[in-house]
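Below: one structure, written as structure tokens.
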Protein chains: 2
Amino acid sequence: MAAERVAKTKKLLKLTVDTGIDTREIVSGIAEHYEPEALVGRQVLVLVNLEPRELKGILSRGMILMAQEPSGKLRILRPDEASTEGAIVG
Amino acid sequence: MAAERVAKTKKLLKLTVDTGIDTREIVSGIAEHYEPEALVGRQVLVLVNLEPRELKGILSRGMILMAQEPSGKLRILRPDEASTEGAIVG
């Protein structure tokens, strides 16, 4: 829903995510791979059942699931067609 | 790499998958959601570190990770751009 760089960091983005069960903030270390404005409106896979973790003063409530290529490049994962928010991965 | 229906079943497809580490057969219960010919050449997410399991006489060596919508509809998950086979999800 929204994405912005976390001040004074190179790697971190603060993402506002509609999980289908709630709206939450997630801090993700993908700022070197994706521009924040390129993420708004896109579907992602989210691990929602993690302990909240404070990063740079922001409470991060989950993780974005990514694929890491051997080169180190990170790619977002998404359904092959737009899905209902809250679809369960398994 | 290849996909076909498992004889005498409604739900099962036998998929031949390049995991980046090997080529293996995976039996997946998605035949009511995807035609086999629609899957050939597509990238998918695979759980590779499971115990092999025999299904209808075929040794299935993994699972395809899917998203299930509240309606029950299953969707394949894939990277937002074509990735190197063997990219690690995490």
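The values are calculated or read from the model by the stated rules, or taken from the named source; none is laboratory data. All figures in this text were calculated on a predicted structure; none of them were measured in a lab. Reconstructed Cβ throughout: ideal geometry from the backbone, glycine too, with neighbour counts over all protein chains shown. Please note that ligands, DNA and RNA were not included when accessible areas were found on the heavy atoms of the full protein model with its side chains. Shrake-Rupley method; radii C 1.70, N 1.55, O 1.52, S 1.80 Å.
Can you pull the percent of chain A's accessible area that's carbon plus sulfur, 1.4 Å probe, other chains left in place? Answer for chain A is 50 percent, counting heavy atoms of protein chains only.
A label point on residue A:20, set 7 Å along the Cα-to-Cβ line, lies at 2.5 nm from each of its counterparts in the other copies, closest listed first.
Expressed as a whole percent, how much of the Cα-Cα distance distribution for chain B exceeds 17 Å? Percent of Cα pairs beyond 17 Å in chain B: 47.
The other copies place their residue A:36 label points at 4.9 nm from this one, listed shortest first, where each point is 7 Å from Cα along Cα→Cβ.
Counting only lysines at least 8 places from residue B:14 when in the same chain, those with an alpha carbon closer than 26 Å to its own are B:56, B:73. The residues of the protein assembly as shown expose on average 58 square angstrom of accessible surface per residue, using a 1.4 Å probe on protein heavy atoms. Once you've got the GNM for chain A with C-alpha springs shorter than 10 Å, pick whichever of A:44, A:17, A:27 has the biggest mean-square fluctuation. Residue with maximal mean-square fluctuation among A:44, A:17, A:27: A:44.
Sorted shortest first, the distances from the residue B:7 label point to those of the same residue in the other copies are 6.9 nm; each point sits 7 Å from Cα along Cα-to-Cβ.
Counting, for every residue in A:64-73, the Cβ atoms of other protein chains within 10 Å of its Cβ and taking the mean gives 5.
Centroid-to-centroid, using Cα positions, segment B:13-33 and segment A:5-23 are 34 Å apart. Once backbone amide H atoms are built at 1.01 Å from N, residue B:65 has B:45, B:46, B:47 as its partners under 5 Å, excluding neighbours fewer than 5 places away on the same chain. For segment A:46-60, 3J(HN,Hα) computed residue by residue from phi via the Karplus equation (6.51, -1.76, 1.60; θ = phi - 60°) reads 10, 7, 9, 9, 9, 4, x, 9, 8, 10, 6, x, 10, 7, 9 Hz, glycine and proline entered as x. Can you tell me the relative contact order of chain B? Whole percent, Cα pairs under 8 Å, sequence separation 6 or more. Relative CO of chain B lands at 25 percent. Based on alpha-carbon atoms, the Kirkwood radius and the radius of gyration of the protein assembly as shown give Rg/Rh equal to 1.01.
Considering the rotation that superimposes chain A on chain B, the residue of A whose beta-carbon lies nearest the axis, and that distance in Å, is A:77, 3.
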